[in-house]
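One structure below.
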Amino acid sequence: MEQFKGQPRLPKFAVPKRYDVRLKPDLAACKFGGSVDIDLDIVADTKFVVLNATELFVNAGSVSFAHGGSSKVFKPSKAETFEEDGILVLEFVEMLPIGSGVLVIEFEGILNDKMKGFYRSTYEHNCEKKNMAVTQFEPVDARRCFPCWDEPACKATFKITLDGVPSELVALSNMPIQEEKLNGHQNTVSYVETPIMSTYLVAIVVGLFDYVEDHTSDGVKVRVYCQVGKADQGKFALHVAVKTLELYTEYFAVPYPLPKLDMVAIPDFAFGAMENYGLVTYRETALLFDEQHSAAANKQRVATVVAHELAHQWFGNLVTMEWWTHLWLNEGFATWVSYLATDSLFPEWKIWTQFLDEVTDGLKLDGLEESHPIEVEINHAAEIDEVFDAISYKKGATVIRMLQSYLGDEVFQRSLASYIKKHAYSNAKTEDLWAALEEGSGEPVNKLMNSWTQQKGYPVISVKVKDQKLEFDQTQFYSSGSQGDGQWIVPITLSCGSYDVRKNFLLQAKSETLDIKEFLGCSVGKAGCGGTSNKDNALCSWIKVNVDQTGFYRVKYEDELAAALRNAIEKKQLSETDRFGILDDSFALSMARKQSFASLLTLLSAYREELDYIVLSNLITISYNLARIAADAVPGLLDHIKQFFIGLFQYSAERLGWQPKPGESHLDAMLRGEILTALAVFGHDLTLDEASRRFHAFIEDRNTPLLPPDIRKAAYVAVMQRTSVSDRSGYESLVRLYRESDLSQEKTRILGSLASCPDPNITLEVLQFILTPEVRSQDAVFGLAVSHEGRETAWTWMKDNWEHISKTWGSGYLITRFVSAIVSPFASFDKVKEVDEFFKAHPNPKIIRTVKQSIERVQINAKWVQSVQCERNLADVATELAYRKY
């Protein structure tokens, strides 16, 4: 039996074809019993059957294998579970005959509280705490519910039956109910057999629910299930789901394959949502929308998450990755296409501009030397959780968008439809998608894309002008300032002075030189790129590379080209996506010490009259990071830098005001809260005073119009800026609000605000609070966004509570968020050593990559701090910008 331990994949002796699963969940005792009959094909001579099982008590006496060609029944001589590898090994005395047969296993398990496998979630009904039973099988936790071949390529059909279901409860699975039998107060519920699918997509939910219902134009029944009394909050998601199913049916040229789609809001849920075939499960924050208490950002999140999960019904469920190495095929594609769907439903949201957030998150993680390729080798189940990250989702989505932009919309869509038809009800690898796109486009897609998926990182393209030549040079970008040796085939796009002048080419070598007049039809002078007439000079005053940020790379301009772009920003000549890109690239280059902190502040000043949501949102995020670095590097200049940021956001804050305006855009509604939050964090007294006034009005009257949902976070953060151990009233009021609310979005809003308090003593109280039963395990991470002053308190707290944290969150991806949130903000080499020593003394295989990445971020911050301390003109620049009159 030892030969099967430590292997990344199951042996191929047997192939499952069909599962007949019977489960009997006991919601009171939090346990379940069950049996599974598995139709197998024995395809090689073997005395062993090896399948997956974890934390199940397998009744060895119940196990048998009946060969289909005879009446002989084989009983194993030995049955042993190896928990570390999640496998059940059955050893038989004699060789099993080649051919089909049925393997029967009975088992028992616990309805755990880890939000994985077959687990329990709690809710209140009529002031009484109750349990529901829920499954979360992705990536490798179907084995916690029933013994199975728990790998994506081992597709089979599933016949599910639930016994002993209390008659007042709703019992759901992937397919519609085929039969219900009532025995006293308990039901036996059996479901229609599923189409062929992977184990990680099997789902069961048993609980007390209300629902709302609609149908698509081709007759698919769609329901949203939620806690009793919250049905109205499911209506928006229902609308999005119906329209999205119709859109995808047309886009993929393949109908939705199942007769129904259920979407369920689960109170305790580790991920945002899970795309189980025909039974999609969600956190409440990702599915429910309350017209009175949810913010515009909450509405957008519901739309994009629903669109993402429904994309998986085709891309992931119908066509499934062959192994977790190809996870990005599922997640990158679903992320990209969710924007396409959301843009179709809500064009006024300009959602494609917000896709830049996905690009930036991918670039941030992939700028680390401890990043990984999109296609990452997975050698053990323990490694899988860590690749559900910004590389698989966000870099994956960005390279798909980059390829779509290169090939064209129509060719891309037609090729995708062909890929889905060819691999339906089967499995695929990355190269299968490239083959379909290559066939449909005639372009060398495989050659072009391998450099993006099979190696980590991305290039920075350096651009300069010399003797009327435009010189491009690519080097691997690292946030640490190191230089890697990667090389890519880069789709370069550029505009010169006007978006009417747009060119593109593939940069296949390390460097390339283009004749400007020949390529762009103009010449370059001191002011930038200009033609012979005054009119041409006015048009061709700048060169922008990576137009609209469709490429997954950064751009570094020589000083004159950068100055011309800064001038174009001030003159409002560039699109919002290009203004975003210049800002984001400059921030990254400053972090990597390729551009000075002072020059970055000077660039920021060009955005003083910025009004676009996506640009300002990124400007706010960058300003928080710069203030954090300044606090460590030049604390004497911090007040000047904060004053500069306050001035930077005043223009948009005054235009937006505090109260929503009739008919204002969705983006303005989201921006108002972010701008006011930033002013509060930077200590703007007028904002803090007004926030306090409105907050106290809200405390007195929850229905006051003075604190609509979009600005509540800003008011809560503002109140916490003036909270301390000597004046605890703000903290106590917010905790009281938290306890009163039954809306998950409001609870997470409050948790994130509590953590922002600058008093470390209050920070510690907040951190202790998130460990109490009052805070659901999934929501604790929101309380980790502590202030700069509270980070040492948070680190000490995490070390002191590591055993509890590991026990509660250590078996899933939430533990990675704990580590990253608490460790990454530091900026000293001493902390690098301390963190490294702590995690070496407390090893956890599920966070190895995360710890390395977090330590690297601390090193990057520490080097940046040292660099900023050496800038001689920073004090003059910061002072001048803080008090500049416009």
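Which is of a type in the set (D, E, K, R) and over 26 Å from Thr320 (Cα atoms), of Lys116, Lys78?
Lys78
Check every one of the strands (runs of 3 or more DSSP E) wholly within segment 254-339 and list those with 2 or more residues that are touching a Pro at 6+ places or on another chain (Cβ under 8 Å).
319-321
Mind counting the residues in segment 724-744 that are among the acidic types (Asp, Glu) and either part of a helix (DSSP H, G or I) or in contact with an Asp or Glu (Cβ under 7 Å, 6 or more places away or on another chain) (or both)?
So the count comes out to 2.
When you scan segment 361-378, how many residues do you find that are in a helix (DSSP H, G or I), open to solvent by 10 Å² or more (accessible area, probe 1.4 Å) and not aliphatic (A, V, I, L, M)?
Summing the residues that are in a helix (DSSP H, G or I), open to solvent by 10 Å² or more (accessible area, probe 1.4 Å) and not aliphatic (A, V, I, L, M) in segment 361-378 gives 2.
Can you confirm whether Gln487 is open to solvent by 60 Å² or more (accessible area, probe 1.4 Å) and touching a Pro at 6+ places or on another chain (Cβ under 9 Å)?
Answer is yes for this residue.
Restricting attention to segment 717-740, does a residue exist that is among the aromatic types (Phe, Trp, Tyr) and under 23 Å from Leu287 (Cα atoms)?
yes
Can you say whether Arg694 is basic (Lys, Arg) and either in contact with a strand residue (DSSP E or B) (Cβ under 7 Å, 6 or more places away or on another chain) or without any contact (Cβ under 8 Å) to a residue 12 or more places away in the chain (or both), as far as the supplied structure shows?
It is false that Arg694 is basic (Lys, Arg) and either in contact with a strand residue (DSSP E or B) (Cβ under 7 Å, 6 or more places away or on another chain) or without any contact (Cβ under 8 Å) to a residue 12 or more places away in the chain (or both).
Among (1) modelled with pLDDT of 95 or more; (2) part of a helix (DSSP H, G or I), which single condition is Ala382 missing?
The failed condition is (1).
Among the residues of segment 566-587, count how many are part of a loop (DSSP other than H, G, I, E, B) and within 15 Å of Ser617 (Cβ to Cβ).
0
For Cys30, which of the numbered conditions (1) surrounded by fewer than 22 Cβ atoms within 10 Å (Cβ to Cβ); (2) farther than 20 Å from Ala153 by Cα; (3) touching a Pro at 6+ places or on another chain (Cβ under 7 Å); (4) modelled with pLDDT of 95 or more fails to hold?
All conditions are met except number (3).
Could you please find all residues in segment 512-524 being at pLDDT 90 or above and under 24 Å from Asp548 (Cβ atoms)?
Matches in segment 512-524: Glu512, Leu514.
Here is a check on your reading of the model: is Thr748 modelled with pLDDT of 95 or more, closer than 28 Å to Gly117 by Cβ and more than 25 Å from the chain's Cα centre (by Cα)?
no
Name the one entry in Glu193, Glu179 that is part of a loop (DSSP other than H, G, I, E, B), out of contact with any helix residue (DSSP H, G or I) (no Cβ under 7 Å at 6 or more places or on another chain) and of a type in the set (D, E, K, R).
Glu193
Select from segment 65-82 the residues that are in a strand (DSSP E or B) and among the charged types (D, E, K, R) and write down the one among them that is nearest to Ile98 (Cα to Cα).
Lys78
Tell me, which strands (runs of 3 or more DSSP E) lie completely within segment 414-527 with 2 or more residues that are among the polar types (S, T, N, Q) and on the phi < 0 side of the Ramachandran plot?
Ranges flagged: 426-428, 469-477, 490-496, 511-515.
Of Ala678, Ala653, which residue is out of contact with any Asp or Glu (no Cβ under 7 Å at 6 or more places or on another chain), over 30 Å from Val858 (Cβ atoms), in contact (Cβ under 8 Å) with a residue 24 or more places away in the chain and outside any loop (DSSP other than H, G, I, E, B)?
After applying the criteria, what remains is Ala653.
Filter segment 300-344 down to the residues that are basic (Lys, Arg) and either farther than 20 Å from Thr281 by Cβ or modelled with pLDDT under 95 (or both) and list them by number.
Selection gives nothing.
Output the number of the condition that Gln778 fails; it satisfies all remaining conditions of (1) assigned to a helix (DSSP H, G or I); (2) open to solvent by 10 Å² or more (accessible area, probe 1.4 Å).
All conditions are met except number (2).
In segment 110-151, what residues are closer than 24 Å to Pro11 by Cβ, open to solvent by 10 Å² or more (accessible area, probe 1.4 Å) and not charged (D, E, K, R)?
Selection gives Val140 alone.
Residue by residue, here is whether (1) among the hydroxyl-bearing types (Ser, Thr, Tyr); (2) farther than 28 Å from Tyr425 by Cβ holds:
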{"position": "Pro16", "(1), (2)": "no, no"}
{"position": "Leu27", "(1), (2)": "no, yes"}
{"position": "Phe32", "(1), (2)": "no, yes"}
{"position": "Val36", "(1), (2)": "no, no"}
{"position": "Gly69", "(1), (2)": "no, no"}
{"position": "Ser77", "(1), (2)": "yes, yes"}
{"position": "Phe92", "(1), (2)": "no, yes"}
{"position": "Ser100", "(1), (2)": "yes, no"}
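The values are calculated or read from the model by the stated rules, or taken from the named source; none is laboratory data. Model, not experiment: these values are computed from the prediction. Quick reminder, even Gly has a Cβ in these numbers, built from the backbone with ideal geometry, and neighbours come from all protein chains shown. Side chains are part of the model used for accessible areas, which takes the heavy atoms of the whole protein and leaves out ligands, DNA and RNA. Shrake-Rupley method; radii C 1.70, N 1.55, O 1.52, S 1.80 Å.
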